[in-house]
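To start, the structure under review is shown below, and the notes come after it.
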Amino acid sequence: MDRAEDYHGIDDEMLFSPETQEGNQGRRDVWRVLAVDDDKDFQNSLNFALRDAVILDKPIEVVNVYSMAEACKVLSVDHDFAVAFIDVMMETEDAGLRLMNAVRDILGLSETRFILLTGQPGIAPAKFVMQDFDLTDYCLKSDLASRGIVNILTGAIRNYHQLKTISAAHRGLHLIIESSNRLQAMKTLPDLASATLDELAKLINVPCEGLVCASKTTDIGLTNGSVFEPITIGASGKYKSYVNKGLSELPDGYIQSLIEKSLREKHSVETENSQVLFFAQSTSQAEFAVYVATGRHLEDTEKELLHVFAANASKGFGNVALVSKLDRVAYEDDLLGISNRSALLREMFRIRTCSKADFFNLVMIDIDGFSVLNNLFGSTFGNFVLQAVSDRLHKVFQRPAVVARIQSDLFAVVGFKEIVNLAAAKDAFNEKFIIEQTSHNLSACFTEVSLDNKSRDAADLLRAAESALRRAKLHGPGSSSFHDPKLDQEAVNRFHIMQDFSDAFSQNEFELHFQPQLNMATGALMGVEALIRWNNRNGSVSPDYFIPIAEQSVYIHELGRFVACKTCEFIQQLDAKGYTDITVSINYSVRQFEHSNVISALHEQCALAGISPSRICVEVTETAIMTSHNRVSTLLEQHRKAGGSVSIDDFGTGMSSLEYLFELPVDQLKIDRVFVSKLTADEKSAALSNMIIELSKRLGISVIAEGVETKEQADWLVKHGCELGQGWLYSKALPPEAILDWLAQR
């Protein structure tokens, strides 16, 4: 077992004050030694022995403390000790060991060297102490004279100096790597100059006091005249007020002369209290001098780090012009010279990370009929339209709002809600636009999105705005909408449902249920309707939800094939039980009729099952028929010629023409549940239902009501001539086995 563990339980007894930077500011040109011993006579002897000592060209400064507690207090605020002499036994027999452990583990001081002292060697055996603790030496006090305390201290200080040098180099290189990344992110010379001064100060641990001067301003775009006097492009500390001033305006002639010397002789300049780094002209089209007030002589390690830093930083000054050009390419619309999609996303990201995002809006504007204008009058005129809209938007939404073109005729504005909102965007289009000296009326569709949605990133919000804008455009020119997060969640849910469709087929998650259709006057069973059900790992999925989603994809065709196959299998089961006269109704959507072989495929399935198409009634909505009247009518007629029947589902809810109705190959009309549910309470629903019943009589076709749930509804329907019905009053939709049991019990 590691004996050091015996001394780890000190946290409760040894309290360090909160760390501060006090005591670590600046550098003393001495080796500082901490002596921790409760023996004042020994402390006096130690001070006397080291009073004139000079080690590695520096004198010794001894700080005396007389207890573990006092040492903790000193070390909490002052880390600048090269060596610490520590007596093993003070308040307790192992106080010195515990102090060393705490300094290493709690304060994290790894460079200070420890020399452990003892007057009683049996207290902490040297063999274990040297093995278990980070010590430089372990001495008997009585041996110090014979071994030579200066010799012991010299070895410890040399060890400390080497560790300090390595640590400083490691820290410096780490800072250089970090600073290189930060400097590479700078886009303008002033930003780069300011960042360079900050990074230099961190690197050599001095206050940020300095200047950055450029020697040739005309080529770097800082002034308009032919000015070749060095100019200050960045400054910090007490020099901050001299930015964008000539070097001759500096009040300190000595600093001025150092910078001039560096630029004139084209090399860096070093003094006892300052550094001037020279950055040669390359792709930057200028030479730069960076002055830093160090306030002290730099160590050799620091000078080497400065050379490495200068080599890295000089590339930043050379690349800033190129970066600026690339920035324009990446973030500027090349036609209008305004922000593009990337710039808009960058601004949205900045707002959401640096500001109170709930104060900001994103408004999107899509010019109505722009493609028509482009086609009729040419792309040149179209460009004039875009420029006119851009000018108007910039006039209405002034800085700090950002106006961007993110697609052909799609603009976006981001800014404070008080300024950037739907009302302001609409007002921008109230006045006519002057295009090629002619007034033109333009309209647009709009949407507004708040940037306060923390759960979504900028790109997600932009896509949400585009989605909301598409919904607005469905309502025609000049329409607008607000972003509704609920609609986004619905879109996400639809996406997941779409992803689950494929697995649903392979996992046999779909099944057919069948709802009886009866003669409500006699109770005789006339048929059943096949209704698809989906039970996945999360439970039951409503057909009202997943069928419309399927209709937007190719999965509707696979669902149709599944329904046809399972319907034929069920009819075989009916026949086996002797129910050979029961017709099964199956629903077809408008998307299924896109395939001209949809009815042929149904009949092929019937043939494979050995049943007649006459056992199947095809149900279609009137909306499906009106969407593609000729195609759907032809396919329905194909089914009727094969002996099957056709029913129009949800009749009365669409916008069908009676003229078309007379031409359709139809055998039955189905009164929608919307009307049936209100028969006894709503006169309009009753009147519409009665009209459908009368219409079916005049057409010579049957009529059936769906969603019959009460006896009052059934009585009304029978009284007015609709004898066929289905609904929960008689039975809900049941699985095949259950519907067969239901039939057997009748």
> Does THR627 fit the bill of being of a type outside the set (Phe, Trp, Tyr) and more than 18 Å from GLU551 (Cβ to Cβ)?
Replying inline: no
> Which fully enclosed helices (runs of 4 or more DSSP H) of region 399-508 have 3 or more residues being touching a Phe, Trp or Tyr at 6+ places or on another chain (Cβ under 8 Å) and either under 22 Å from MET348 (Cα atoms) or modelled with pLDDT of 90 or more (or both)?
Replying inline: 422-427, 458-473
> Is it true that GLY707 is closer than 21 Å to ILE532 by Cβ and in contact with a Lys or Arg (Cβ under 8 Å, 6 or more places away or on another chain)?
Replying inline: yes
>> Take the conditions outside any helix (DSSP H, G or I) and at pLDDT below 80 and apply them to GLU91. Does it pass?
In response: yes
> Is it the case that ARG533 is surrounded by 14 or more Cβ atoms within 10 Å (Cβ to Cβ), of a type in the set (Lys, Arg) and either in a helix (DSSP H, G or I) or not assigned by TED's automatic domain parsing to the domain that holds VAL618 (or both)?
Replying inline: no
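Per-residue answers, yes or no, for (1) touching a strand residue (DSSP E or B) at 6+ places or on another chain (Cβ under 8 Å); (2) buried (at least 16 other Cβ atoms within 10 Å of the Cβ):
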site	(1), (2)
ILE255	yes, yes
LYS266	yes, no
GLN275	yes, yes
PHE279	yes, yes
VAL290	yes, yes
ALA293	yes, yes
LEU298	yes, yes
HIS307	no, no
ALA311	no, no
>> I want to confirm something. Restricting to region 43-83 and keeping residues that are part of a helix (DSSP H, G or I) and small (Gly, Ala, Ser), which single residue is farthest from SER142 (Cα to Cα)?
In response: SER76
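Conditions tested, residue by residue: (1) closer than 27 Å to ASP132 by Cα; (2) at pLDDT 85 or above; (3) loosely packed, with under 15 Cβ neighbours inside 10 Å.
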residue: ASP12; (1), (2), (3): yes, no, yes
residue: ASN24; (1), (2), (3): no, no, yes
residue: ASP38; (1), (2), (3): yes, yes, no
residue: GLN43; (1), (2), (3): yes, yes, no
residue: PHE48; (1), (2), (3): no, yes, yes
residue: MET100; (1), (2), (3): yes, no, no
> Tell me, which residue of region 131-190 that is more than 15 Å from ALA84 (Cα to Cα) and of a type in the set (Val, Ile, Thr) is modelled with the highest pLDDT?
Replying inline: THR188
> Quick one: how many residues across region 204-237 are of a type in the set (A, V, I, L, M, F, W, C) and at pLDDT below 60?
Replying inline: 4
> Restricting the first residue to region 144-156 and requiring it to be in contact (Cβ under 8 Å) with a residue 24 or more places away in the chain, which pairs with a second residue that is part of a loop (DSSP other than H, G, I, E, B) meet a Cβ separation below 6 Å and a spacing of at least six or different chains?
Replying inline: VAL150/ALA53; ALA156/THR136
>> Step by step: first the residues of region 393-442, then only those that are small (Gly, Ala, Ser) and surrounded by fewer than 14 Cβ atoms within 10 Å (Cβ to Cβ), then the one that is farthest from ALA459 (Cα to Cα). Which residue is that?
In response: SER439
> Here are some conditions: (1) farther than 26 Å from ALA714 by Cα; (2) buried (at least 20 other Cβ atoms within 10 Å of the Cβ); (3) over 29 Å from the mean Cα position of the chain (by Cα); (4) not acidic (Asp, Glu). PRO516 meets all but one. Which one does it not meet?
Replying inline: (1)
>> Among the numbered criteria (1) more than 13 Å from LEU451 (Cα to Cα); (2) within 32 Å of the chain's Cα centre (by Cα), which one does SER379 miss?
In response: (2)
> When region 335-362 is examined, which residues are found to be polar (S, T, N, Q), closer than 30 Å to SER379 by Cα and in a helix (DSSP H, G or I)?
Replying inline: SER342
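So if I check each of PHE546, PHE505, which one is crowded, with 21+ Cβ neighbours inside 10 Å and in contact (Cβ under 8 Å) with a residue 12 or more places away in the chain?
Only one candidate passes the filter, namely PHE546.
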> Restricted to region 703-714, and to residues that are closer than 23 Å to TRP742 by Cβ and not β-branched (Val, Ile, Thr), which residue is surrounded by the fewest Cβ atoms within 10 Å (Cβ to Cβ)?
Replying inline: LYS711
>> Just to be sure before I move on: is VAL541 in contact (Cβ under 8 Å) with a residue 12 or more places away in the chain and either under 30 Å from TYR730 (Cβ atoms) or within 30 Å of the chain's Cα centre (by Cα) (or both) in the structure I sent?
In response: yes
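Working only within region 693-713, note down all residues that are in a helix (DSSP H, G or I) and within 23 Å of TYR730 (Cα to Cα).
Residues satisfying the conditions are ILE693, LYS711, GLU712, GLN713.
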>> Quick check on my filter: what residues within region 358-372 are surrounded by fewer than 19 Cβ atoms within 10 Å (Cβ to Cβ) and not acidic (Asp, Glu)?
In response: PHE359, GLY369, PHE370, SER371, VAL372
> Mind checking which pairs have a first residue in region 723-735 that is in contact (Cβ under 8 Å) with a residue 24 or more places away in the chain and a second that is charged (D, E, K, R), Cβ under 6 Å, 6 or more apart or different chains?
Replying inline: GLN726/GLU706; GLY727/GLU709
> Taking into account only those residues within region 272-285 that are over 40 Å from the mean Cα position of the chain (by Cα) and at pLDDT below 85, which is farthest from ALA310 (Cα to Cα)?
Replying inline: GLN281
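The values are calculated or read from the model by the stated rules, or taken from the named source; none is laboratory data. Bear in mind that the values here come from a model prediction, so they are computed numbers and not experimental data. As a convention, Cβ positions derive from the backbone with ideal geometry for all residues, glycine included, and neighbour counts pool all protein chains shown.
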